[in-house]
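S.K.: Structure in structure tokens, see below.
The values are calculated or read from the model by the stated rules, or taken from the named source; none is laboratory data. Predicted, not measured: the structure shown is a model, and the values here were computed from it. FYI the Cβ positions are ideal-geometry reconstructions off the backbone, even for glycines, and counts take in every protein chain you see.
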Amino acid sequence: MTDARIATNARIALVTGANQGLGFALAEGLAARMAGDDLVLLTGRDAHRVADAVARVDASAATVSRVEGRVLDVTDARAVRELAAELGARHDGVDIVVSNASAMLTPDRSQSEQADAFIDVANGGAHAVLRSFGPVLRPGGRLVVVASSLGTLGHLDARLHALFDGSSLDEVEAAVESWRAAVHAGTERQLGWPQWINVPSKVAQVAAVRAVAAERRDADLARGTLVAAVCPGLVDTPLSRPWFSDFSQAQTPAQAAVAILDLLLREKADPAQYGELVRFGEVLPWHTGRPPRHQERLLNS
């Protein structure tokens, strides 16, 4: 089946960073739970890995929907914008968009050495997806950024809260660049930034979602559309393995995908979740949390 033969009432879903881990589980779960006329776009940066991931989904007996691979580097804002425009023109928009792409971060290399690649994917990629796919999201659609419970504002020093609280997306982007510059200058600690760059990155992801949601709220709620951040909980993946010693309570990617899929595919969006960080169906209050000292100790050990 080609795109031209997709039924006009078919749903279109897209997942970034879907070659492996949680992203793959989400694409696989969407393909199993959506309808036969629907289309799931599985995206990633490497063409061979994308093709292999699509083949694995297609080979599953549970797959119902059409699955198509697309090469997409979320750090290329132009490529993200062009894909969104293409889908908007060809399918009159998209129904489900999941910004999931992330980069490897390890404790055996300096945070400044890894900062650019990590921030470009986790934050620049999320910003590009929010900017480009928000305008082509169909009524009743879902636009979700995969973040973390570390993304609540309280995980940052109080001196930094004003940078992200009630900010526009432009202001969030400016704050991210200011933080990046401080990391490279070696001044991040004296300015209050955590040494572990995953924390400000996650807070900025949620702040970006909140900024976009604030601008769209009234129209989206009237149309049953949901914009939100989601926390999958601890997932046993290569990205999380270097940072935690106890995985006895960790989920597999397939297990972690279930709650997110439920949110994406629920017939009616919960207005209380709009613009919020959601974990297992529950909203995590934006102003809670405290700086995670155990990661600081890990970096200094």
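S.K.: Residue check, Asp246 against (1) within 19 Å of the chain's Cα centre (by Cα); (2) surrounded by fewer than 15 Cβ atoms within 10 Å (Cβ to Cβ); (3) farther than 29 Å from Val94 by Cα, all met but one. Which one?
M.R.: Result: Asp246 fails condition (1) only.
S.K.: Restricting attention to the stretch 238-255, does a residue exist that is within 21 Å of Arg138 (Cβ to Cβ), modelled with pLDDT of 95 or more and either part of a strand (DSSP E or B) or among the aliphatic types (A, V, I, L, M) (or both)?
M.R.: If we filter the stretch 238-255 for residues that are within 21 Å of Arg138 (Cβ to Cβ), which is where we start, we get none.
No, there is no match, as no residue in the stretch 238-255 is within 21 Å of Arg138 (Cβ to Cβ), modelled with pLDDT of 95 or more and either part of a strand (DSSP E or B) or among the aliphatic types (A, V, I, L, M) (or both).
S.K.: Sticking with this structure for a sec: Of all residues in the stretch 6-28 being in contact (Cβ under 8 Å) with a residue 60 or more places away in the chain and in a helix (DSSP H, G or I), which is surrounded by the most Cβ atoms within 10 Å (Cβ to Cβ)?
M.R.: Once the filter is applied, the top-ranked residue is Leu26.
S.K.: Report those helices (runs of 4 or more DSSP H) wholly inside the stretch 147-230 carrying at least 3 residues which are out of contact with any Pro (no Cβ under 9 Å at 6 or more places or on another chain), more than 30 Å from Leu265 (Cα to Cα) and touching a residue at least 40 places away in the same chain (Cβ under 8 Å).
M.R.: Output list reads 169-185.
S.K.: Quick check: is even one residue across the stretch 37-45 polar (S, T, N, Q), under 21 Å from the mean Cα position of the chain (by Cα) and at pLDDT 95 or above? Quick ask: steps written out before the conclusion?
M.R.: To start, the set of residues in the stretch 37-45 that are polar (S, T, N, Q) comprises 43.
Checking which are under 21 Å from the mean Cα position of the chain (by Cα) leaves us with 43.
Remaining after also requiring at pLDDT 95 or above: 43.
Within the stretch 37-45, one or more residues are polar (S, T, N, Q), under 21 Å from the mean Cα position of the chain (by Cα) and at pLDDT 95 or above.
S.K.: Another question about this same structure. Being part of a helix (DSSP H, G or I) and not small (Gly, Ala, Ser) is the filter here, so list the residues in the stretch 256-270 that pass it.
M.R.: Of the stretch 256-270, the ones part of a helix (DSSP H, G or I) are 256-265.
Scanning the stretch 256-270 gives Val258, Ile260, Leu261, Asp262, Leu263, Leu264, Leu265.
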